[in-house]
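S.K.: Mind having a look at this structure? Questions to follow.
The values are calculated or read from the model by the stated rules, or taken from the named source; none is laboratory data. If you're wondering where the values come from, they're calculated on a predicted model, not measured in any experiment. Because the Cβ atoms are built from the backbone with ideal geometry, glycine has one as well, and the counts that use them run over all protein chains shown.
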Amino acid sequence: MAGLTPDLLAMQVFAGLALGAVYVLMALGMSLLFGMLTVVNFAHGAFYMLGAYGAVALLGYGGNFWVCLFFIPLAVGLVGMAVERVLIRPLYGRGIDYPLLLTFGLAYVIVELVRIGFGTEDLPFDTPAALTGAVNIGIGYFPLYRLFVIAVTGVVLVGLWLFLERTSYGLIIRAGARDPQIVRILGIDVGRVWLVVFGIGTGLAALAGLLAAPLQGASPDMGDSILAIAFVVTVVGGMGSLLGAVLAGLLVGVVVSLTSLVAPEAAQVAVFVLMAVVLLVRPQGFFGRAGLMS
Amino acid sequence: MPRDAMLTVEGLQAWYGSSHVLQGIDLEVARGEIVCLIGRNGAGKTTTLRSVMGLVARVRGRVVFDGADLVGRPVHARHARGLGYVPEERRIVQGLSVRDNLRLGLLAAGGRRREADAIAAMAEIFPRLAERLDQSAITMSGGEQQMLAIARALISGPRLLMLDEPSEGIMPLLVDEMFDLLRRLREEGTTILLVEQNVELALGIADRAYILDQGTVVHHDTAAALLADAAIQERYCAV
């Protein structure tokens, strides 16, 4: 363990936060969909992948990274809304396993369509020129792009918080996550709210995939491993809890990052060990409500 | 029989799964009336209110409100026509303040009333809530939560207010306050359909009442006549 200086550890924690930021974006969407719609979205990884491939396509047509950052989450969010409207909506009220199976199958369809359109190989994804290089953050040089990922996630979190806490729509979503029936009784068309929530959730997944692409490239199955981790984050944070998703996402990112420093091959396993420990101590996760799944 | 029917329910049947809960309910509520549904637990009172509001998936029959049949229409469309419903469990939203619970009741009405005015109007009717607007709603007593549930349904200005067991689990002093309030609401033009376990209390405020048993209406009369008829009360309402 020679060479494990405090600075190196601090850097690794920071790298973990950047990784965790991507998990947070994924888990927020999943938690929102589960908390409000009781949809366990197995296609969330596919929407993540669509974020990266949407950018590949748009860049191919001469768009730049900044245009992608704005339009891709919007476009994928619209795809998500179409999916909710056409495929998921008929399944509400039929139990949790119907939308689960549907999204499970949908993920395969989306991934295969991308394979047909873009090929099966990994595609490189350049870090935008303005964000290459590293900056001194006091404890050492840290890649600028990773800082950017943390910053974008921060901005999204603040925006989402303001939306939920300060707008009428946010009030409906907060109330609907607790008790959709009373929201209906008070005359609100929850179908419209659910549509918007699905759009937000899938848009966030696309943003996560887009932000991850310069770090790892784009591949049709890039959503598989992140889906598993996002599930862990959602469960550890407490299903349906947004604050839980944020804290657990960052925690899992740091755990992966630190484990890969000492034992890279154990990094993925560490995530599941963390989940097992948390669930043994607190079955509902950090901020989850007990019995939500029953 | 009332002449100016606001709500007419005809042959209403409802199922939960395979259980046939309502087996043909007929009732009418006239504009400006307070009508009460009484009967034992499981007689179908709550299911009747829920079916009128559109919360029961499998129903048959007619629910005519202001001339339009509501069966098959979504809950929000019924609310938009002027139906308000305060469910038995009150369903105060945890984690929201009193004010946000009230705002929630107003959102469906869109820009029809200014939010501040509407909340001020409710605060005037419910002084107990006025002092607690920014308090977390769930920290209030059961009676105060019931007041909030009623205020939240009233704030959008429903023409027919349906209340399920408003006196349940509330201290007597507050129950009196609440029933005084219901009388005042009626005087101001709100029609009320009430389900109430406390028969004497219910018949004391109602104009007419329907007695339900095993999913059907077994008897109906003016409240005064029912109040005088100990045999009927004994037969269908004694616990």
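S.K.: Do we find a residue being free of Cβ contacts under 8 Å to residues at least 24 places away in the same chain and within 18 Å of residue B:216 (Cα to Cα) anywhere in the range B:13-25?
M.R.: yes
S.K.: Please determine whether any residue of the range B:183-192 is closer than 18 Å to residue B:144 by Cβ, in a loop (DSSP other than H, G, I, E, B) and assigned by TED's automatic domain parsing to the domain that holds residue B:236.
M.R.: no
S.K.: What do you reckon, is residue A:259 farther than 30 Å from residue B:154 by Cα and touching a Ser or Thr at 6+ places or on another chain (Cβ under 6 Å)?
M.R.: No, not satisfied.
S.K.: Based on this model, can you work out whether residue B:75 counts as closer than 29 Å to residue B:5 by Cα, buried (at least 16 other Cβ atoms within 10 Å of the Cβ), of a type in the set (A, V, I, L, M) and touching a residue at least 40 places away in the same chain (Cβ under 8 Å)?
M.R.: Answer is no for this residue.
S.K.: Which one of these is more than 14 Å from every other protein chain (Cβ to nearest Cβ), part of a loop (DSSP other than H, G, I, E, B) and either among the aromatic types (Phe, Trp, Tyr) or more than 21 Å from residue A:67 (Cα to Cα) (or both): A:148, A:125, A:104, A:163?
M.R.: So the residue among A:148, A:125, A:104, A:163 that is more than 14 Å from every other protein chain (Cβ to nearest Cβ), part of a loop (DSSP other than H, G, I, E, B) and either among the aromatic types (Phe, Trp, Tyr) or more than 21 Å from residue A:67 (Cα to Cα) (or both) is A:125.
S.K.: Restricting attention to the range B:59-81, does a residue exist that is within 14 Å of chain A (Cβ to nearest Cβ) and in contact with a Pro (Cβ under 7 Å, 6 or more places away or on another chain)?
M.R.: no
S.K.: Please work out which one of (1) at positive phi; (2) surrounded by fewer than 24 Cβ atoms within 10 Å (Cβ to Cβ) is the condition residue A:142 fails and give its number.
M.R.: Among (1) at positive phi; (2) surrounded by fewer than 24 Cβ atoms within 10 Å (Cβ to Cβ), residue A:142 violates only (1).
S.K.: Consider residue B:147 against the criteria (1) outside the structural domain of residue B:29 (by TED's automatic domain parsing); (2) in a loop (DSSP other than H, G, I, E, B); (3) among the hydrophobic types (A, V, I, L, M, F, W, C): it satisfies all of them except one. Which criterion is unmet?
M.R.: Going through (1) outside the structural domain of residue B:29 (by TED's automatic domain parsing); (2) in a loop (DSSP other than H, G, I, E, B); (3) among the hydrophobic types (A, V, I, L, M, F, W, C) one by one, residue B:147 breaks only (2).
S.K.: Something else: Looking only at the range A:55-67, which residues are surrounded by fewer than 24 Cβ atoms within 10 Å (Cβ to Cβ) and assigned to a helix (DSSP H, G or I)?
M.R.: If the condition is that a residue be surrounded by fewer than 24 Cβ atoms within 10 Å (Cβ to Cβ) and assigned to a helix (DSSP H, G or I), then A:56, A:57, A:58, A:59, A:60, A:65, A:66, A:67 are the ones that fit.
S.K.: Output the number of residues of the range B:83-96 satisfying the condition of being modelled with pLDDT under 95 and either touching a strand residue (DSSP E or B) at 6+ places or on another chain (Cβ under 6 Å) or polar (S, T, N, Q) (or both).
M.R.: 2
S.K.: Still on this structure, please answer the following. Give me a count of the residues in the range A:182-201 that are within 12 Å of chain B (Cβ to nearest Cβ), part of a helix (DSSP H, G or I) and farther than 16 Å from residue B:102 by Cα.
M.R.: Residues meeting the conditions: 4.
S.K.: On to the next question. Mind checking which residues of the range B:186-198 are crowded, with 17+ Cβ neighbours inside 10 Å and at pLDDT 90 or above?
M.R.: Listed by number, the residues that qualify are B:186, B:190, B:191, B:192, B:193, B:194, B:195, B:196.
S.K.: Next question. Counting only residues that are over 14 Å from residue A:285 (Cβ atoms), outside any helix (DSSP H, G or I) and of a type in the set (A, V, I, L, M), how many does the range A:217-243 have?
M.R.: Counting residues in the range A:217-243 that are over 14 Å from residue A:285 (Cβ atoms), outside any helix (DSSP H, G or I) and of a type in the set (A, V, I, L, M) gives 1.
S.K.: Scan the range B:156-179 and report the pairs whose first residue is in a helix (DSSP H, G or I) and whose second residue is small (Gly, Ala, Ser) and surrounded by fewer than 22 Cβ atoms within 10 Å (Cβ to Cβ), with Cβ atoms within less than 6 Å and a gap of 6+ or a chain change.
M.R.: B:174/B:143; B:175/B:167
S.K.: Could I ask something else about it? Quick test for you: out of B:202, B:209, B:153, pick the one residue that is assigned to a helix (DSSP H, G or I), closer than 19 Å to residue B:7 by Cα and either touching a Cys at 6+ places or on another chain (Cβ under 6 Å) or within 14 Å of another protein chain (Cβ to nearest Cβ) (or both).
M.R.: Within the list B:202, B:209, B:153, the selection yields B:153.
S.K.: Being in a helix (DSSP H, G or I), in the same structural domain as residue B:15 (by TED's automatic domain parsing), basic (Lys, Arg) and more than 16 Å from the chain's Cα centre (by Cα): is that true of residue B:235 here?
M.R.: Spelling it out, residue B:235 is indeed in a helix (DSSP H, G or I), in the same structural domain as residue B:15 (by TED's automatic domain parsing), basic (Lys, Arg) and more than 16 Å from the chain's Cα centre (by Cα).
S.K.: I would also like to ask the following. Examine the range B:67-74 for a residue that is in a loop (DSSP other than H, G, I, E, B), basic (Lys, Arg) and closer than 27 Å to residue A:172 by Cα, and state whether such a residue exists.
M.R.: The answer is yes; a qualifying residue exists.
S.K.: For the range A:251-272, check the following and say yes or no: at least one residue is touching a strand residue (DSSP E or B) at 6+ places or on another chain (Cβ under 9 Å) and within 21 Å of residue A:18 (Cα to Cα).
M.R.: Looking for residues that are touching a strand residue (DSSP E or B) at 6+ places or on another chain (Cβ under 9 Å) and within 21 Å of residue A:18 (Cα to Cα), one finds none in the range A:251-272, hence no.
S.K.: Do we have any residue at all in the range B:107-115 that's in contact (Cβ under 8 Å) with a residue 40 or more places away in the chain, within 14 Å of another protein chain (Cβ to nearest Cβ) and either under 20 Å from the mean Cα position of the chain (by Cα) or surrounded by 23 or more Cβ atoms within 10 Å (Cβ to Cβ) (or both)?
M.R.: yes
S.K.: Quick check on residue B:52: is it touching a Leu at 6+ places or on another chain (Cβ under 6 Å) and more than 11 Å from chain A (Cβ to nearest Cβ)?
M.R.: no
S.K.: Being closer than 21 Å to residue A:173 by Cα, under 19 Å from the mean Cα position of the chain (by Cα) and of a type in the set (A, V, I, L, M) is true for just one of B:148, B:96, B:160, B:154. Which residue is that?
M.R.: Checking each option against the conditions leaves just B:148.
S.K.: Would you please name the residue that is surrounded by the fewest Cβ atoms within 10 Å (Cβ to Cβ), looking only at residues in the range A:27-49 that are assigned to a loop (DSSP other than H, G, I, E, B) and of a type in the set (A, V, I, L, M)?
M.R.: A:40
S.K.: Any residue in the range A:91-104 that is under 22 Å from residue A:157 (Cβ atoms), of a type outside the set (S, T, N, Q) and buried (at least 22 other Cβ atoms within 10 Å of the Cβ)?
M.R.: Looking through the range A:91-104, none of the residues is under 22 Å from residue A:157 (Cβ atoms), of a type outside the set (S, T, N, Q) and buried (at least 22 other Cβ atoms within 10 Å of the Cβ).
S.K.: Sort out which residues of the range B:3-30 are under 22 Å from residue B:189 (Cβ atoms) and crowded, with 16+ Cβ neighbours inside 10 Å, and write them in order of number.
M.R.: Answer for the range B:3-30, where residues must be under 22 Å from residue B:189 (Cβ atoms) and crowded, with 16+ Cβ neighbours inside 10 Å: B:5, B:6, B:7, B:8, B:9, B:27, B:28, B:29, B:30.
S.K.: Something else now. Among the listed residues B:93, B:86, which satisfies the condition of being more than 7 Å from every other protein chain (Cβ to nearest Cβ) and surrounded by 17 or more Cβ atoms within 10 Å (Cβ to Cβ)?
M.R.: After ruling out the rest, the residue left standing is B:86.
S.K.: Can you tell me which residue in the range B:165-182 is surrounded by the most Cβ atoms within 10 Å (Cβ to Cβ), limited to those that are under 16 Å from residue B:151 (Cβ atoms) and not β-branched (Val, Ile, Thr)?
M.R.: Checking each candidate, the answer is B:166.
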